[in-house]
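Let me begin by presenting the structure, written as structure tokens, before commenting on it.
Values quoted throughout were computed directly from the atomic coordinates according to the rules given, and no laboratory measurement underlies them. Quick caveat, the model's predicted, so the values are computed rather than measured. Here the Cβ is made from the backbone with ideal geometry for all residues, glycine too, and neighbour counts use every protein chain on show.
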Amino acid sequence: MNRILAAALVMAILSFIFALILAWASKKFKIIESSKLIEIVKVLPKQNCGKCGFPNCGAFAKAIIEGKAKYKDCVVGGEEVAKKIKEILEK
Amino acid sequence: MLDIFAIFFAAVVTENFVFYRFLGLCPFLAMSNKTRTAVGMGIAVTFVLVISNAITWLLQHFVLDKLGLPFLQYASFILVIASLVQFIEMYMHKYQAALYKAFGIYLPLITTNCVVLGLVLLTILKSYNFLEALIFAIGTGIGYTLALIIMSGIRERLDLADVPEALKGIPLALIITGLLALAFGGFVGMIK
Amino acid sequence: MSALKDLLNGIWKQNPTFRIILGMCPALAVTNAAINGLTMGLATLFVLLASGLFVSLIRNLIPSKIRIPCYIVIIATFVTIADYFLAAYYPAIHEVLGIYVPLIVVNCIILGRMEAFAGKNPIKNSLADAFGMGFGFTWALVLLGAIREFLGFGAIFGFKILGSWYPQMVVMKLPTGAFITLGLLIALMNIVRKQRAEAACHAHEGGDKPC
């Protein structure tokens, strides 16, 4: 029983410490985004696979807004995602 | 002193993590097309390797061993690695935006890169002390970067060659890796 | 039934090893003999099923921002169980598989399926998907292992097939053999897929038109 308790405690404490550090980090390293950017990111597959040519889905969304990428470029998302992005852009 | 050198040399050459231990293959195959990105990936991985090895070594010796909880090793180690990578990613996104963009997906993918987890587990298995652990990590990182650079150099040349359709991409990359493994295999037994 | 479709998906159409190209490390490291490939495949299948079930059960309780670390810890827990199980009941194979058992934790197949499927789908479908992927992975590894074992040792699953006249292909026992065999297998599957696609296309269009 002691070991189960100790194990649960260690994992809980470790997770807590990391959660604290990461929460602090997310505040300290925060970046402001525009609302359409977030909407686009929401409809992307978020696998960060890089097949569109951008480092991650966030960068891809940003590039779309800046006009540096086309809404059709997401390989994993395909037609479905392209349609959704087009709708967001035309709102 | 010779011990440390042996560990370093083995990690880089004779027991290279890619060609001898089959680790870090997914990003290795996917990211080794261009030399510039290969170097970037190698540096990022080395950085994560050294810090992860330091933290997990301390975790193992001062918490898991002291409290007799060896079964928590995999879960706690991967938690360390995932948190570390997340933290580095957030820091770089804000303060090193250009570098962050260059590293791109490579950064979050390092969490699932078996090189990192493989390294921290091997360090404990081999009962290295703290200094040996650090050297092991640096050597592994350099060895991984070396493998990436060699591979990307070859693949960049191959882009200009006429490759049969079925072999294009991954199949050919695997065969090349196999030949490189054969070459590196020639170093086995150099260090006793 | 959509769950059946999810199950069959991982076996051929989106086979993790030959198609999505995930989980390379264990696929190459432990396939020097068919039995090792089988054990690794089954261990991965177990982790996939258990994690998939768990993740699917609590998928609505996990806040999106921390879902990846949550998935990883869940996966690590079941890998620890699998590791201890193998160490206790099959120590010989456990010794051979070595660190590749704990490395199932970072096997991109598992995290990938949690993220892409189990985290968003009901239990039945998640289990079907997990089983399909696990089974697909297992048969890929057994195939790879069988080829390497046959050419390298003249045996399959330990049964000697080729007599002592056979000069064992040493390269098959080495990392090189693994890389090359897998590379050629994927190339072969590419050819098969292309021919099937062309045949289907020609059947549609009716002969001369290019696909």
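Remarks
- Restricting the stretch C:99-166 to trypsin sites (Lys or Arg not before Pro) that sit in a DSSP loop and have at most 16 other Cβ atoms within 10 Å of their own Cβ leaves C:120.
- Sequence-ordered 3J(HN,Hα) estimates for the stretch B:51-63 from the Karplus curve with 6.51, -1.76 and 1.60 and θ = phi - 60° stand at 5, 4, 4, 4, 5, 5, 4, 4, 4, 5, 7, 9, 10 Hz, glycine and proline given as x.
- Overall dimensions of the stretch B:14-101 as given by Cα atoms, namely Rg and Dmax in Å: 15.7, 47
- The stretch B:84-144: trypsin sites (Lys or Arg not before Pro) in DSSP coil with no more than 11 other Cβ atoms inside 10 Å: B:126
- Pairs beyond 23 Å (Cα-Cα), from C:13/C:124; B:34/B:101; B:168/C:194; A:36/A:86; A:72/C:194: A:72/C:194
- Estimated translational D of the stretch C:44-173 in µm²/s (Stokes, Kirkwood radius over Cα pairs; 25 °C; 0.890 mPa s): 150
- Inter-part distance where the stretch B:23-89 and the stretch C:127-168 are each reduced to a Cα centre, Å: 32
- Positive dipole terminus of the protein assembly as shown, leading residue within C:41, C:98, B:95 (C-beta point charges): B:95
- Chain C: DSSP helices with Cα axial extent of at least 15 Å and average Kyte-Doolittle hydropathy no lower than 0.5: C:34-57, C:67-89, C:123-153
- Only alpha carbons enter this Debye calculation for chain B, each as an equal point scatterer, and the log10 of I(q)/I(0) it gives at q = 0.08, 0.09, 0.18 Å⁻¹ is -0.28, -0.35, -1.21.
- Dipole moment magnitude, nearest 20 debye, chain B about Cα centre, only Lys, Arg, Asp, Glu C-beta charged: 180
- Charge context of residue B:127, other residues only, Cβ under 13 angstrom, K/R +1, D/E -1: -2
- Most fluctuating residue given options A:70, A:28, A:42, as computed from a GNM of chain A linking Cα atoms under 10 Å: A:28
- Charging the Cβ of each Asp and Glu at -1 and of each Lys and Arg at +1, and nothing else, the dipole of the stretch C:2-205 about its Cα centre rounds to 360 debye.
- For residue B:60, net neighbour charge (Lys/Arg +1, Asp/Glu -1) across residues whose Cβ lies under 13 Å away: +1
- Exercise: per-residue mean of other protein chain Cβ atoms within 10 Å, A:72-78: 0
- Square roots of five times the Cα gyration tensor eigenvalues for the protein assembly as shown, Å: 32, 31, 25
- Note that the stretch B:115-131 has calculated 3J(HN,Hα) couplings of 4, 5, 5, x, 4, 5, 5, 4, 4, 5, 4, 8, 6, 6, 7, 4, 5 Hz, one per residue in order, obtained from phi through the Karplus relation 6.51 cos²θ - 1.76 cosθ + 1.60 (θ = phi - 60°); glycine and proline are x.
- Count Lys and Arg as plus one, Asp and Glu as minus one, and take only other residues whose Cβ is under 14 Å from that of residue B:115; the net charge is then 0.
- For residue C:156, residues with placed amide H under 5 Å, excluding near neighbours: C:161
- Cα extents of the stretch A:35-90 along the three principal axes, largest first (Å): 25, 21, 17
- Degrees, to the nearest 10: A:2-28 long Cα axis against longest axis of chain A: 40
- Peptide C:99-111, shielding by other chains (average Cβ, 10 Å cutoff): 5
- Counting Cβ atoms of other protein chains within 10 Å of each residue's Cβ and taking the mean over peptide A:3-16 gives 4.
- Farthest positive-ward along the protein assembly as shown dipole, Cα basis, beta-carbon charges - from C:171, A:1, A:48: A:48
- Loop-resident sites, the stretch A:27-91, for chymotrypsin sites (Phe, Trp or Tyr not before Pro), counting at most 15 other Cβ within 10 Å (DSSP): A:29
- Angle in degrees between helix A:78-90 and the longest Cα principal axis of chain A, rounded to the nearest 10: 70
- Which of C:6, C:129 has the fewest Cβ neighbours within 10 Å, and the rest in rising order: C:6, C:129
- Of the residues C:152, C:98, C:163, the one that moves most in a GNM of chain C with alpha-carbon contacts below 10 Å is C:163.
- Helical mean residue ellipticity (222 nm; -39500 (n - 2.57) per DSSP H run of 4+; nearest 500) of the protein assembly as shown: -22000 deg cm²/dmol
- The mean sequence separation of alpha-carbon pairs under 8 Å and at least six residues apart, normalised by the residue count of chain A, gives a relative contact order of 21 percent.
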